[in-house]
Structure formats: structure tokens, C-alpha cells
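A short worksheet on the structure shown next.
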Amino acid sequence: MSADLDKVVQILVPNQVRFILIGGWAAALHGSARTTLDVDVVYSRSRENIQRLVAALKPFAPYLRGAPPGLPFHWDERTIRNGLNFTLKTSFGNLDLLGEVVGGGTYGQLLPHSKEVEAFGQRFQLVNLEKLIQLKRAAGRPKDLEPIAELQALLEDRKNL
Amino acid sequence: METDRPSTADALHHDYVESAEALAPADAFDPVIEAYKKDVDRTLLWETLRMTVDERARNMQSAIRSLEKLRGLAARDTGKVRAQTEVPT
């Protein structure tokens, strides 16, 4: 099951959830031609934001992706406060909620490296291309070598266009 | 008032993030990445670079939905073939 960015932003933005889009979808919004199967966001861990996040996603039955059914996973503020990063399956698709990301830190630390964009009629924060490349590099995954090459090509061509 | 004040976790990770800030710049030369870069289809990138962020988002969304549809059809057809070739026991 994939994740629709339009659904994610239609749910999170009107509910005033503070987040920064990273990962494959961020790459796509910068011009990457590669498809992705989930939406990755770094969310603010302020108390108010966690409350809004929990309320916003509750109707969509978030559950840990890949976990066997029936685990005592409760989508509530306590669960979010006690955890940090959540790879979720929801009724609208896959959503990765990251409280912190390797190479970028928390929402507050990543915010200066993001910019506001508009897509699907909603305005939200998108990590900038330079930081996105650094995040991918910091993740140190062999599968990211091709995407990093593409993102660097984008960086070069964006400057030259 | 809502703040994004550094939490204890933030403080504990301060050094770590400092080191993240010291990561190589995005356009740093890496021979491995350079090797991969040769295979990047730049014509596709020039097309997307001419689009707005919203157009890129809608384009990608449409591609993902088409892919999902194809996967669904493929799974259905695989199921049909299995059913047709199954030997009754």
C-alpha cells in the first residue's frame, strides 16, 4: 500500500500539525522522477503538536506497519511521547512519523533547512534540497546511492537552468 | 504557549546534531556518486524542473496511483492463473 501525499497534507495541515516533509516525496517535490511508497515527515514533539497529531490521525486507525495484528498499540499522546519514530500503516496509506532524523535532528533543528511550499491546495514545510542530500548521505544506505546521484544532478541543473 | 524548546533528548543529541551540521556539503564530490550520476536521465529532470511544486506533486501522485492500479491488476491476474492451473486433489 502506498501513501498519498495529498491525503496526508489534507489531514495534517488543516489540523495545524507542524511537520516537515522529507524522504522520497520531498525528493519528488524538488524534481526527482523516482516514485516512493510512503510519506516521511519530521514532526514537532511539542506537547500541543503531539495532541493535534494524535487527534488528526485517530480516525484513520494508525497501526505499526509490519507488526502482527492484535498488539497492544494504542494511538494516543502517551504512546507518541514514549516513542520517537513511528512507521505507520493507516487507512489512507503508509506514513512515517519521525521525531528525529539522522543528519537533521529534530523538527526545530531541521526547520531552518526547510521552506514553505504549496501543493494540493495546502501550504507546508519542505526540507531544502541541500539538506535532503545530506540526510540521505547520513542514512548511509546503499539503496540511496542512485537517489543521491539524482538529487545532486538536480542541484547542478537547478543552478544551471 | 507552544514552543519548540530543546527537550532533554534535544540536549543529549546536541553534539550529534552539531556533527550532522558538519556533514559534507550537498555538492561535495564523491567518486561513487559520480559513477551513479552518469546513469541519471537529465532530460526527465529538466522536465520536472520546469514545473511548479504543485505540478510535480500531482504528477508524482498520478504516477503512484497508476502503479498501484497496475499492481492490483497483476495480483488479480496472477490469482486467476493460479486458479486455472491448480490441479484438483
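The values are calculated or read from the model by the stated rules, or taken from the named source; none is laboratory data. Keep in mind the model is a prediction, meaning the values are calculated, not measured. Neighbour counts run over all protein chains shown; Cβ positions are idealised from the backbone, glycine included. For accessibility, only protein heavy atoms count, side chains too; no ligands or nucleic acids. Shrake-Rupley method; radii C 1.70, N 1.55, O 1.52, S 1.80 Å.
The table below gives the values:
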read-out	value
The range A:88-106 residues that are under 28 Å from A:E130 (Cβ atoms) and without any contact (Cβ under 8 Å) to a residue 24 or more places away in the chain, paired with ones that are in a loop (DSSP other than H, G, I, E, B) and open to solvent by 20 Å² or more (accessible area, probe 1.4 Å) (beta carbon under 8 Å, 6 or more apart)	A:G105/B:H13
All helices (runs of 4 or more DSSP H) inside chain B with 2 or more residues being at pLDDT below 90 and under 30 Å from A:F92 (Cα atoms)	B:53-85
For A:D40: the one exception among (1) more than 8 Å from the chain's Cα centre (by Cα); (2) open to solvent by 10 Å² or more (accessible area, probe 1.4 Å)	(1)
Qualifying residue in the range A:52-73 (condition: free of Cβ contacts under 8 Å to residues at least 12 places away in the same chain, open to solvent by 10 Å² or more (accessible area, probe 1.4 Å) and of a type in the set (F, W, Y))	yes
Check on A:N49, open to solvent by less than 70 Å² (accessible area, probe 1.4 Å), modelled with pLDDT of 95 or more and under 29 Å from A:I133 (Cα atoms)	yes
Odd one out for A:A138, checked against (1) modelled with pLDDT under 95; (2) closer than 20 Å to B:D27 by Cβ; (3) more than 8 Å from every other protein chain (Cβ to nearest Cβ); (4) open to solvent by 10 Å² or more (accessible area, probe 1.4 Å)	(3)
Residue in the range A:119-131 that is in contact with a His (Cβ under 8 Å, 6 or more places away or on another chain), assigned to a helix (DSSP H, G or I) and surrounded by fewer than 19 Cβ atoms within 10 Å (Cβ to Cβ) present	yes
